[in-house]
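This report concerns only the one structure given below.
The values are calculated or read from the model by the stated rules, or taken from the named source; none is laboratory data. What you see is a predicted model; the values in this text were computed from it and never measured. Positions of Cβ are backbone-derived with ideal geometry, glycine not excepted, and every protein chain shown enters the neighbour counts.
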């Protein structure tokens, strides 16, 4: 028999990707999925394979008979309804930050630490933050080969990381400013003030904002702390030194990370490339021509719509033989959220 699946937050940006992946990947689903959302969205009909499924309001009864419930409705909804779904017998795969640092909840990237799924005492599995997720796919094979000790990471995070509201704000602001070259060129503060910023703290169009999430301890944002704490948990390295800076950029979908990685063992470019070659879920785009022009490298826009994480610009550090520099890009709505959640559901289903 197939598995009965529920999707909480089915009408959102990530929920839409989850529905598409469940409909198109090779996962044996029993009947139609249970599509759940707020009371406001209840009654909406969403496409499912060759037909439609009506959205229901989240309720305790909605999880009866469900084997796996994928949550993409924010931390508050997950905290409220995740334990209820688990108590009904469903394995909860949660996309929010609600349970990520709970010692009794595994935090899993499907290609990196799938063995962590074996023990889930609360019946809940957490999906990592989208930036951490993308970086870990490239970092894990290098850690296995050389022993990771330090990470200095600067992220370039798409507006879509803030959901549909972030995408809409970027596009609306861009449409308003696109023809205003003089103001963009010489009156930047005036250009920033000319558009309304709601999702982000300043104008995101034609701009970069060193402000992702909310400021927390030691003047780092919660997005930056996620990169620190989640990397340590996923890799099983509680003493890993991580120095993060998270930057929001005017990209619809696709996160990029420039990372300096330090290892216990010395590294060479040949050794780094050999370790990355064939790593699951990873594509290498790294090459130059004879006169030095770039032939292949990752880009954030180029990652949109791709299941794989892309790595390139792999090079030895100029100052430290134990360190390397690289650039990683990945679709924050796919591998950074929906795809990994569905992959975890597939692994759970395969393991019974």
Check: Quick check, is residue 151 assigned to a helix (DSSP H, G or I), in the same structural domain as residue 228 (by TED's automatic domain parsing), more than 22 Å from residue 96 (Cβ to Cβ) and touching a helix residue (DSSP H, G or I) at 6+ places or on another chain (Cβ under 8 Å)?
Finding: no
Check: Taking residue 213, is it assigned by TED's automatic domain parsing to the domain that holds residue 273, surrounded by 15 or more Cβ atoms within 10 Å (Cβ to Cβ), closer than 29 Å to residue 11 by Cβ and without any contact (Cβ under 8 Å) to a residue 60 or more places away in the chain?
Finding: yes
Next item on the list: Report, by residue number, each residue of the stretch 313-352 that is on the phi > 0 side of the Ramachandran plot and in a strand (DSSP E or B).
Entry: 313
Notebook entry, point to check: If you go through the stretch 158-175 one residue at a time, do you hit one that is crowded, with 17+ Cβ neighbours inside 10 Å, in contact with a strand residue (DSSP E or B) (Cβ under 8 Å, 6 or more places away or on another chain) and not in a helix (DSSP H, G or I)?
Noted result: yes
Note to self: Would you confirm whether or not the stretch 282-293 contains a residue that is within 21 Å of residue 133 (Cα to Cα), surrounded by 18 or more Cβ atoms within 10 Å (Cβ to Cβ) and in contact (Cβ under 8 Å) with a residue 60 or more places away in the chain?
What the structure shows: yes
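Residues checked against (1) surrounded by fewer than 22 Cβ atoms within 10 Å (Cβ to Cβ); (2) farther than 23 Å from residue 102 by Cα; (3) at pLDDT below 95; (4) in contact with a helix residue (DSSP H, G or I) (Cβ under 9 Å, 6 or more places away or on another chain):
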residue	(1), (2), (3), (4)
11	yes, yes, yes, no
33	no, yes, no, yes
40	yes, yes, yes, no
67	yes, no, no, yes
Item checked: Matching option when the condition is touching a helix residue (DSSP H, G or I) at 6+ places or on another chain (Cβ under 9 Å), in a helix (DSSP H, G or I) and not assigned by TED's automatic domain parsing to the domain that holds residue 305, among 191, 203 -> 191
Margin query: Tell me whether the stretch 50-61 contains one or more residues that are within 13 Å of residue 341 (Cβ to Cβ) and modelled with pLDDT of 95 or more.
Written below: no
Checklist line | Scan of the stretch 253-279 for residues that are surrounded by fewer than 16 Cβ atoms within 10 Å (Cβ to Cβ) and more than 18 Å from residue 231 (Cα to Cα), ordered by number | finding: 265, 266, 268, 269, 270, 273, 274, 277, 278
Notebook entry, point to check: Counting only residues that are part of a helix (DSSP H, G or I) and out of contact with any strand residue (DSSP E or B) (no Cβ under 8 Å at 6 or more places or on another chain), how many does the stretch 88-140 have?
Noted result: 6
